[in-house]
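To keep things clear, I will list the structure first and then write my remarks on it.
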Amino acid sequence: MKSIFETRYRRAPVRRDGTAAAAEIARIGRRYLDAMRARPGRPAAMGYFDEIMTGEKRLDEIREFRRGGGKVIGLYCNFVPEELVHALGALPVRICAGASPAVAPAEEVLARDVCPMVKSSFGLRMMGLSYISECDLVVVPTSCDAKKKSSRFLDQYVPTITLDLPQEKNYEKNLPAWTREIRHLVGRLEEFTGRKLRKDALASAIRLLHRRTEAFRKLHEARKRNPYAISGRDALLAMQASFHDDPARWTAQMEILSAELSVAKPTVDVSADAETSRPRRIVLTGAPVIWPNWKLLHTIEEAGAVVVADTLCSGTQRLFDPVEVDEWTFDGMLRAIAVRHLFPSICPCFIENAEHIDRVIELADEFKADGVVYHTLRLCQLFDMEYNHVAASLRDKGLPLLGITTDLSLEDEEQLKTRVEAFLEMIGGRG
């Protein structure tokens, strides 16, 4: 009997030549990477993460894995448990994308007025580019309408299944249903991979990602240093290398980076008046920033500030929280996975999201931030609607806030530069 993955009807997908887009994406990445490499005191260990994000080595490894019969599973967001994919012997890759040249092709199929990140991911698949084109299956959580509805179009290219999210984070009300949804996902992944999820393999996968979290938290702590030890651009690049890299290898390289940061000299000279010469420290919150769309980070840090902390689902949110297992039984591990991949999230897809504000205020205090930048991707209603609530709460706390609404294009760089410089001048002159 054939599985649903073999029998599902698919229309012939629209395909586009990606040669010009690939060259433009590479050019954008080189531009931002060249600026990062030119910064004095950049850690030598960043070279590894540069290669993962801009080179072909990891893509070649994944292609070789597939040629040997392995399965690659693409994941949107942080709600889909990587632990399950690793435990079933498959490779998980994050398919969220920030490539502006992939947007226009996607608009031939998707509605124009939807999330640019979703269009970028879809456009890359249309053109056969990047990691999404190496996926044998994609799992899409229903975290927004754009992802939910685009999944039926993505299914024309690659088998796609959805993960149904609750609208509230209520343990008593939602955890049982969410745990059942995770169990249902296990069954779908078992069917697709042809493997049975084993208790020992699941425990090993949980411990593997525990070690990754432990390594990441050292980087997180290093970002507290004042003067700063690593730029926000470099920190986020290293984090996003984990989207695609082998987790054990990424963990080892993160340990090397953290060791280098622990003995590094201050990145800036503050021998003069320390308060006036030090870079302004910024917490970045809001919608995801995804390589190579480094426009906002580049603008902030080229203006003389440094992003010292973030709440991004493409950054700290992805790596900070481990699966906390109380009972190492099969059911106990699945329940712990369900908890970890729902309740720590501060995604605005939930009706009530007070934790977002609490987290921003906590980070601003912990990292001695001078201000907060709230990033909204144009056409993302969720982050756009949440902005006013965040702004009112930060105003009550006396925390300066700059709201930025932009997309993946480079057309508004000068406008962004003007607004960011004015904001930094304002917080530089405060009391």
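The values are calculated or read from the model by the stated rules, or taken from the named source; none is laboratory data. The structure presented is a predicted model; accordingly, all values stated were derived computationally and were not measured. In this analysis, Cβ positions are derived from the backbone assuming ideal geometry, glycine residues included, and neighbour counts consider all displayed protein chains.
Overview of results
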quantity: Options Arg211, Arg207; residue that is free of Cβ contacts under 8 Å to residues at least 24 places away in the same chain and within 29 Å of Ala248 (Cα to Cα); calculated: Arg207
quantity: Only one of Ile357, Ile337 that is at pLDDT 95 or above, crowded, with 22+ Cβ neighbours inside 10 Å, in a helix (DSSP H, G or I) and β-branched (Val, Ile, Thr); calculated: Ile337
quantity: Positions within the range 205-235 being among the small types (Gly, Ala, Ser) and in contact with a Phe, Trp or Tyr (Cβ under 7 Å, 6 or more places away or on another chain), in sequence order; calculated: none
quantity: Selected residue (only one of Ser133, Ser151, Ser121 is surrounded by 23 or more Cβ atoms within 10 Å (Cβ to Cβ), part of a helix (DSSP H, G or I) and not β-branched (Val, Ile, Thr)); calculated: Ser121
quantity: Residues of the range 53-92 that turn out to be part of a loop (DSSP other than H, G, I, E, B) and of a type outside the set (Asp, Glu), as a count; calculated: 14
quantity: The lone exception for Lys218 - which of (1) closer than 26 Å to Ala336 by Cβ; (2) in contact (Cβ under 8 Å) with a residue 60 or more places away in the chain it fails; calculated: (2)
quantity: Residues being surrounded by fewer than 17 Cβ atoms within 10 Å (Cβ to Cβ) and under 17 Å from Ala90 (Cβ atoms) - total across the range 185-199; calculated: 7
quantity: Inter-residue pairs, beta-carbon under 6 Å, first modelled with pLDDT of 95 or more and in the range 390-411, second aromatic (Phe, Trp, Tyr) and surrounded by fewer than 21 Cβ atoms within 10 Å (Cβ to Cβ), 6+ apart; calculated: Gly403/Tyr387
quantity: Residues (in contact with a Ser or Thr (Cβ under 9 Å, 6 or more places away or on another chain) and either at pLDDT 95 or above or not in a loop (DSSP other than H, G, I, E, B) (or both)) located in the range 252-287; calculated: Met254, Ser277, Val283, Leu284, Thr285, Gly286, Ala287
quantity: In the range 314-331, the residues that are touching a Pro at 6+ places or on another chain (Cβ under 6 Å) and surrounded by fewer than 20 Cβ atoms within 10 Å (Cβ to Cβ); calculated: Asp321
quantity: Residue list for the range 362-389, restricted to those being touching a residue at least 60 places away in the same chain (Cβ under 8 Å), part of a helix (DSSP H, G or I) and closer than 22 Å to Gly428 by Cβ; calculated: Leu363, Ala364, Glu366
